[in-house]
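Report on the structure given below.
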């Protein structure tokens, strides 16, 4: 709503423009960065991002990470302290900002940058190698993408296709909803970028912190618990049908699959199938040669889905655990609210046992289970999740080489032993303490 309001005020004041245009490479310092800002900025000219608001789980921060752009968010007093011509160091690893740093600090960061570049070069030989544990278990590492520009980054980092294509981000860079032909053209380009590899297209996931300036939303006190994701699609069926048609028209270009967000009951899945069948029939009557048997999956993001996961698994072809939303719904902690950030806890036993339950049901039913979210981007956490039964990850592309190195350097037996230990703990504090010890031992 802030994003939409800002644009309305710009128009009323006669400041119509297409967003900030960067003439040279810069660090962006702002009160906040909206997902629509990230969708429209020239990513090649962004050296780093620093904001007063937001947190690492906001969608703008996630987009920055997927593009390999260092970002530090939630820095109070930043705008008051910073000036246009200041020199700034943005340390996306430690979460530190340095304004006009002294020479020894600059020298140290130049050394760290050189060391980091060297490390990346050491990881380059892994790009075309599979992620296989030291005792032979194959793990698939796919990329999360949101824009066409992400394709290059994903390929450069050795992604084995796309585990999550966030289709809402291209919508944000427009002034109207794209029609089915426009969507088909875009999806076709994404599919062409990953020949002979799967591209998992998630349908429109708007609402919460992702709004469209040309689409009206009701006022909601709790938007993350309100009208968003698949609920919008099912209520606004024409928009949904246009997107499904766009996906179906593009599908022959590559290996497309379709995934639906925020599913909470069987009725939603059955209604989705009925709408999809109707769209297929419509396209066939128009003379289009469409793929009617595309694999269909759902995102497991709410506790209700976890509770009935065995029944949901029987209705779909695959499952994808969306940890960013699952954590906030399991723990009733808004991931964008700094006041409750201490409650947003990936290490909470309830979260880990929910993931394990979905993985177990997937194995029992023979349905593929993938995991997407920031949890998968941490090498240690990836090992833990492998031990819990996850065999496919979708993560920000720049994180793939480090996760692949961790998987290739350790055995499934070690991962399973670590998972058994973690799942036996009663508190997040005990889990974090144990994992800190394991991190030091495994990664130095």
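Just rank 115, 315, fewest to most, by other beta-carbon atoms within 10 angstrom. Write down the numbers at each step before the final one.
Details: 115 10, 315 15.
Starting with the residue having the fewest Cβ neighbours, the order is 115, 315.
Given the -39500 (n - 2.57) contribution per DSSP H run of 4+ residues, what per-residue ellipticity at 222 nm results for the chain, rounded to the nearest 500 deg cm²/dmol?
Values: 19 runs with 200 residues, N = 444.
My calculation for the chain gives -13500 deg cm²/dmol from helical runs alone.
Pairwise inverse Cα distances across the range 2-122, averaged and inverted, put the Kirkwood hydrodynamic radius at 15.6 Å. Quick check: the distance between the Cα centres of the range 272-304 and the range 375-413, to the nearest angstrom? Each part's Cα centre sits 31 Å from the other's. Label-to-label distance for residue 26 and residue 8 is 2.8 nm, based on points extended 7 Å past Cα in the beta-carbon direction.
Here the relative contact order of the chain, from alpha carbon pairs under 8 Å that lie six or more residues apart, stands at 15 percent. Top mean-square fluctuation among 396, 66, 409, Gaussian network model of the chain, C-alpha springs under 10 Å? Answer for the Gaussian network model of the chain: 409.
Round to the nearest 0.05 the FRET efficiency obtained for residue 87 and residue 284 when R0 = 60 Å and r is the Cβ-Cβ distance. Rounded to the nearest 0.05, the efficiency is 0.50. DSSP bridge analysis restricted to the range 2-122 gives an antiparallel fraction near 35%, rounded to the nearest 5. Set against the 2.2 N^0.38 Å expectation for a compact globular protein, the chain has a Cα radius of gyration ratio of 0.98.
Where both bridge residues fall in the chain, DSSP classifies roughly 15% of the beta bridges as antiparallel. Does the range 349-444 come out rounded, prolate or oblate, given a ≥ b ≥ c as the square roots of the eigenvalues of its C-alpha gyration tensor, rounded meaning a/c under 1.5 and, failing that, prolate meaning a/b above b/c? The shape class here is oblate.
Please say if the range 143-297 is rounded, prolate or oblate, where rounded means a/c under 1.5 for a ≥ b ≥ c the square roots of the C-alpha gyration tensor eigenvalues, and otherwise the choice is prolate for a/b larger than b/c and oblate otherwise?
Numbers: a/c = 1.58, a/b = 1.17, b/c = 1.36.
Oblate, since a/c reaches 1.5 and b/c is not below a/b.
Note on the range 416-433 and the range 156-178: Cα centroid distance 35 Å, given to the nearest whole angstrom. Among 329, 116, 187, which one moves the most in a GNM of the chain with springs linking Cα atoms closer than 10 Å? Answer for the Gaussian network model of the chain: 116.
Taking a ≥ b ≥ c as the square roots of the eigenvalues of the Cα gyration tensor, an a/c ratio of 1.5 or more together with a/b no larger than b/c marks the range 108-189 as oblate.
Averaging Cα coordinates gives a centre for the range 56-130 and one for the range 201-267; these two points are 33 Å apart. With a simple spin-label model that places each label point 7 Å from the Cα along the Cα-to-Cβ direction, the separation between residue 360 and residue 216 comes to 4.8 nm.
Just checking the listed ones, 307, 328, 243: in the Gaussian network model of the chain with Cα springs under 10 Å, the one fluctuating most is 307.
Placing a pseudo-label 7 Å from each Cα along the Cα-to-Cβ vector at residue 124 and residue 185 gives an inter-label distance of 3.6 nm.
Rule-based calculations on the coordinates, nothing more; no lab input. Here the structure is a predicted model, which means the values were calculated and not measured. Counting neighbours? That spans all protein chains shown, and the Cβs are built from the backbone with ideal geometry, glycine included.
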